[in-house]
Structures are given as structure tokens and as C-alpha cells.
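Read through the structure below, which is laid out as C-alpha cells, and then see the notes.
The values are calculated or read from the model by the stated rules, or taken from the named source; none is laboratory data. Just so we're clear, the structure is a prediction, and the values are computed from it rather than from any experiment. FYI the Cβ positions are ideal-geometry reconstructions off the backbone, even for glycines, and counts take in every protein chain you see. The accessibility values were calculated without ligands, DNA or RNA, using every heavy atom of the protein model including side chains. Shrake-Rupley method; radii C 1.70, N 1.55, O 1.52, S 1.80 Å.
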Amino acid sequence: MDQPNAETPTTPPRRWMYGAGFRQFLDSGPDHILGELVRYAGADIELNQTNAWQEQIQILKTLELPAHLVDTAKLYFEYTIPRLGRRVDVILIAGHVLFVIEFKVGERHFTGSALDQVWDYALDLKHFHEASHGLSIAPLLVATEAPLQYIEVQGTLHDDGLVRPVRASGKDLTAVAQKCLSFFEASDIDAQVWERGRYLPTPSIIEAARALYAGHSVDSISRSDAGAQNLAVTSRAVDQIIEQARTQGRKAICFVTGVPGAGKTLVGLNVATRHMDKDEATYSVFLSGNGPLVAVLREALARDSVERAKAAGETLLKGKARQEVSAFIQNVHHFRDDCLKDSTAPPEHVVLFDEAQRAWTLEQTAAFMARKKGLPNFDKSEPAFLISCLDRHEDWAVVICLVGGGQEINTGEAGIREWLEAVLTRFTAWDVHLPPQLNESEYGSRDVLEQVLARPDTHPNPALHLATSMRSFRAESLSKFVREVLDLEIEAARATFSELQSRYPIRITRDLPRAKQWLRDQARGTERYGIVVSSQAQRLKPHAIDVRVKTDPVRWFLDGKEDVRSSYYLEDVSTEFQVQGLELDWACVVWDGDLRHVGDAWSHHEFKGTRWNRINKQERRAYLKNAYRVLLTRARQGMVIVIPEGSEDDPTRTAGYYDGTYDYLQQLGIPKI
């Protein structure tokens, strides 16, 4: 029996409850193995769990490996997958194959969800466990009461050493092992090297929120490789600013920037989850004006809380779970309204504003206050008012702005400028902490930033910028490529695409059904896929896409393959407003005639009544361009872009509205399907 390893910078933590050489496992009594599992689990173990372990031990003891592998094979019970917050029943390393085994004790059938579950475990190891990247991996689903199965091992079009889940009864293990060992050709796996392999996960924002809310640290669910600006480094920088403000009785505003998908929201959630206690001096709240993001994260956390309670033998009503979560993640407009009603300081000393660049300008805020709140002559922009709410504290306060460049997609969104101007004109005693990257053009605030940098209480800090996109763990340069595409930097885009295409597949087509099939073929396990379009894409109705039909983002992002409202069904679509801040594994971007490549420039349009009208206002052109930036950076693993053929019988969909865009993307080297 392996002894627990101390977690040091050079020794990865032990991730299994019981691990032993296969020979040792065969020679050990079932009661001894069960005792080790129970001892390591520590807490009270449900009777059905111990019964399941007993059944698994009994079945595995009937496994007959080739004689030359018995002494080198090794198995691990209850192997932790931190990103998913789950444990694999058994990992078996035998020769040149790593088996990921999920048991369904007492089951006779193989459900789709169970097959996806074991495939997800195998995919997680393949993608994020450093020592498993190049290994031959066979996911195996064992329904213990199923009849003997016809054993079939099938590869996938990805050709990455991971086969489709293999179905097996409790009496099929030996046959499965033989088939898989024969199917793969590779060098034998060194179990000790595999055990020491680093786990470098890149969770989706939903997975990350679940893990953090359940008490995991950001270190355990995020990458720690030197190639990426570690999320933990930025989180620690924010913690230091909070602690400094508290101990010195200062008020401070802190800006965290990053490329799309770099983990800005994750940093905010990490800080907020560690300061959820209302009795703490550093009690904080996570605020977002992104309604779909708030709704999706709240529901995801509530569902997960109910499931975790159920697994622990407890009962938690979803209504209560939702109530608890709502105090942790709030809509910024509700916070604003509370501060309008109550002029005293809010209970929180630390407030984190997600997507702070989307806060309203003075004009937009004043118009809203007059129209909706009966407050004429309101004289503060939304950033200025929100800072003023925290300024009510007499001792200290911290405002943390999580900022994405080039992400403003709606009328009246101020970008970062209004926050900086509020500090210059209204809150001159506040300290300012910001990264040097705030000077980049996409943040659109260079002139006012120079004035802020000239203040004695402004502190540049490079640790406040997340330089690497974590959304696409396959291609960190995706956001760079998308920027070059939209900025019409043809040669740069070609070079970037040639570098990323082997790891991040991008395809173009003019055939929507073909694109849908491509998505289905690419996705494995529960990898989520869906169709995204611009909110201005008004002439896709002939393709059964109507952006005026309201999509429920909670159902779209969280529900399973059996639900027609989910993204998996490829019927309901989401626009930039539903998907900003969230992500898919695989995306289909359907490109309409609202943004057209004409000659050597973009032509911006909106559809009104019966025709397309040119957009002339620079601000609204920027919103449309940013909408496509959001759409083109939603996929973690790959995307297909559909540019319809158009129709000469329909003057609103002539070929000329689409052909230029298709030709431009082809010119960049993007292959067609």
C-alpha cells in the first residue's frame, strides 16, 4: 500500500485512496484493501459505498493479465479529478495501456450519461494530466449485472490515443484487457513517472465556480506551468492590496486585465469564495452586470450544492441552495438599487465588479435613472456611483475591476475610461493599482490613463494582468488570431493560424447541416457544443435561426443532451449577450451579412424593416466588431464558421453580402469542410 506523499513544490499530491502493484493487490485480502480505503476516506462512509468497493475488489481479483505484465501493472482506487470534483473508481496501468474504469454496481444497462462520465474522466487525464498526454487510454464502463458483452475497441477521428468507452460486464475484464492491449501499439508506461505527473487543468468558468464554491483552492483547479501567468499569482496580488488597504485604513481601486479567456472572472470568484463570511472584516461580494452569466453560475452552483449534499447523505432543497448562492454572486444592478434606497455603507468592504468595462456612461446612467427610478439630473456615471457606495465606509474599502479589452458590446457601455475619470475627478484620495497593459489600444483609455499614472498614489503592478488565454487549452494564441482577423492584419493572421491549426481546429463552410455534423463528430463525452450568432444576424431565418427568439441561457449552458433547449440540440442559438463570459468546448459561428468583408475593409450593417442599413456611428461599429470578437473566442477546443451562400432570389441575402467574408477567411488559410 502506498503511503501518502507530502505535498511539496516538487512532489505532486497523492490523488488516490488506495494504490498498489497488481501482484500486491492480488495477494492482499479483500478486507485489508477495504480497510485501507475506509481508513483513507476518513469520514463516515455510506454502507452502499463499502458494498460497491467490495464488489469492485472482487471483480478486479478475477482479472487475468498477461503473465509478463502482472508484476509491473499497478492500480489505483478512487483517483481524484480535481477539475470535475469527482473520483474515478479505478485506474489500471497495465503494460502500454492506461485503463480508466467506472463501475456501475448492480446495473444491467449502459446509459448514455454513464458512458459520457467515464469518457470525461479519460479526456481529463488526456488533456490535463501531463504524464498522460501521450499515453494510450481506454475508458471502460462496467455494468456488473450486464450479460457478457461483445468487446469492441474503437478509435476516434482525433487519433490521439484515446478510444471510445468500452462496455463490459463484470465477467468481461480479462477479454477487455486483451483486446485493448492488442489494439494499441506503444511503449510500456512507467507507473512511477505517471504518479509524479503534474495535473495542469484548465476548467471552464462553470467548472471553476463549482470547485471554488465547494472549497477547492484556485491552485488545485488551475494550471501551474511556467508558460502561463499563474492565476494564483494574480489572486495573491489582489489579496495583498486588500490586506494593505485594511491594515492601513486606505481606500483602493484595483484593475485586473487580461486577454479573452485568461481567467479574470476566475480570479474574482477565487477572492470572493475566500471571503464569504459576513462576520469577517474582508467580507466581499462578486458583482456582474452580465445577467446570463449570473443566472448560469447561480444555477450551476445551486445544482452542485444539492448534489454534494445528496452524496453526503443530506437533504438540501434547491430553493435554499439558490438563496445561499444569490448572496455570493449578485447582479450589479441589484447592488446599485440597494445603495440607491439605503444611503449607509454596504455590508461589504470589498466589491468585485466582473466585466467592469461594460458599466454605463454618465449619459446612459442619467437617462436610466430619470426614466426608471424617477431621479432626474443624476450626475454620476455607473462607475462613479458604484465607487461612491464603497466610499461611504469611514475606515477602508477596495473596489476590484475585472476588465476585458475590446469587450464592450452594447449601447452606453463605458469601457475603462469612466472608472479612471471617476478617480481623477471625484475620488482623488483613493489608491489606484493597475497593470501596465491597461495602456494597450483595445482598452481605449490612453489619454486619461496618463493622468492617472501621474498621481502619486497610483501603483503599476504587472501581476494584475493575465497574459495567457486559458479558455482554449489547445491554443493560447486564439485571441491573438481573432484580433488579427478583425483588425484585417492578413499576414499576421496567416502566421498565427499556421501555428495554432494543428492544436485548435478551425474550419469554414457554407453548409450549416455539414457544420452541425462536424460539431457532433468532434465532441466527446459531455463536451458542450452549440451555435452562436451576432444579435444583428437578422437574415438567418431561412436557416431556421431567428435571433429574436429568446434563448434561456441556463437551459442552453447547463442542461443535457436529452433536453431540446440545451445547446447540444443545435436548435436554439445564443448571441454575444448570452455567451459573453461563458464558453463552449466546440462552437459553430454563423456569420450573417451584418459584418461584411468588402474590398479591404469591413462594412457594418443592421437590418431594419425590409433592408440592411449601413452603420455609420463609430461607437456602434465597434460594438458590432466586438460582438464577433466575443463569438469567435467562445470555443475552448475548436470551431467551425458558417458563411451562408446567399440567394439571388432574396435581395436581403444576395451572394455579395457573404462571398467577400468567405473569401477573406479562406485567404487566411482556414480549410473548408
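Observations
- Ordered by solvent-accessible area of protein heavy atoms (1.4 Å probe), largest first, the residues Phe497, Phe183 come out as Phe183, Phe497.
- Karplus 3J(HN,Hα) series, Hz, for the stretch 112-119 with 6.51 cos²θ - 1.76 cosθ + 1.60 (x for Gly, Pro): x, 5, 5, 5, 5, 4, 6, 5
- Surface listing: Glu606, Glu280 arranged by accessible area from highest to lowest gives Glu280, Glu606, probe 1.4 Å.
- Greater than 21 Å apart at Cα, pairs in Lys516/Lys541; Lys541/Lys608; Lys278/Lys310: Lys278/Lys310
- Protection-proxy order for peptides 382-395, 334-347, 48-61, each taking the mean of Cβ atoms within 10 Å per residue, highest first: 382-395, 48-61, 334-347
- Convex hull volume per residue in cubic angstrom - Cα atoms of the stretch 75-121: 92
- Rough spin-label spacing in nm, given labels placed 7 Å along Cα→Cβ, for Arg39 and Lys341: 5.7
- Along the axis of the charge dipole computed for the chain (Cβ charges of +1 for Lys and Arg, -1 for Asp and Glu, origin at the Cα centre), the listed residues Ser288, Ser305, Gly106 are led at the positive end by Ser288.
- Rolling a 1.4 Å probe across all protein chains gives Val485 an accessible area of roughly 10 Å².
- Interchain or long-range residues, amide H under 5 Å from Asp431's placed H: Lys251, Ala252, Ile253
- Share, in percent, of DSSP beta bridges within the stretch 568-646 that are antiparallel, nearest 5: 55
- Cα gyration tensor shape of the stretch 506-563, rounded if a/c is under 1.5, else prolate or oblate by comparing a/b with b/c: oblate
- Value of D in µm² per second that Stokes-Einstein yields for the chain, Kirkwood Rh from Cα pairs, at 25 °C (0.890 mPa s): 91
- Among the cysteines of the chain, Cys180, Cys254, Cys401, Cys588 have no other cysteine beta carbon within less than 4.7 Å of their own.
- Backbone geometry of the stretch 637-648 corresponds, through the Karplus equation with coefficients 6.51, -1.76 and 1.60 at θ = phi - 60°, to 3J(HN,Hα) couplings of 10, x, 8, 10, 10, 9, 10, x, 5, x, 8, 6 Hz, x marking Gly and Pro.
- Shape call, the stretch 180-333: gyration tensor on alpha carbons, a/c limit 1.5: oblate
- Take each peptide in 665-673, 113-121, 584-592, count the other Cβ atoms within 10 Å of every residue, and average; sorted highest first, the result is 584-592, 113-121, 665-673.
- Helix-only mean residue ellipticity at 222 nm for the chain, each DSSP H run of n ≥ 4 adding -39500 (n - 2.57), per residue, nearest 500: -11000 deg cm²/dmol
- Phi to ³J(HN,Hα) by Karplus 6.51 cos²θ - 1.76 cosθ + 1.60 over the stretch 269-285, Hz, x for Gly, Pro: 5, 5, 5, 5, 5, 8, 9, 8, 7, 5, 7, 7, 5, 9, 3, 10, 9
- Computed E for Ala429/Gln618 - FRET, C-beta separation, R0 35 angstrom, nearest 0.05: 0.50
- Placing unit charges on each Cβ (+1 for Lys and Arg, -1 for Asp and Glu) gives the chain a dipole about its Cα centre, and among Ser574, Ile206, Leu26 the Cα reaching farthest toward its positive end belongs to Ser574.
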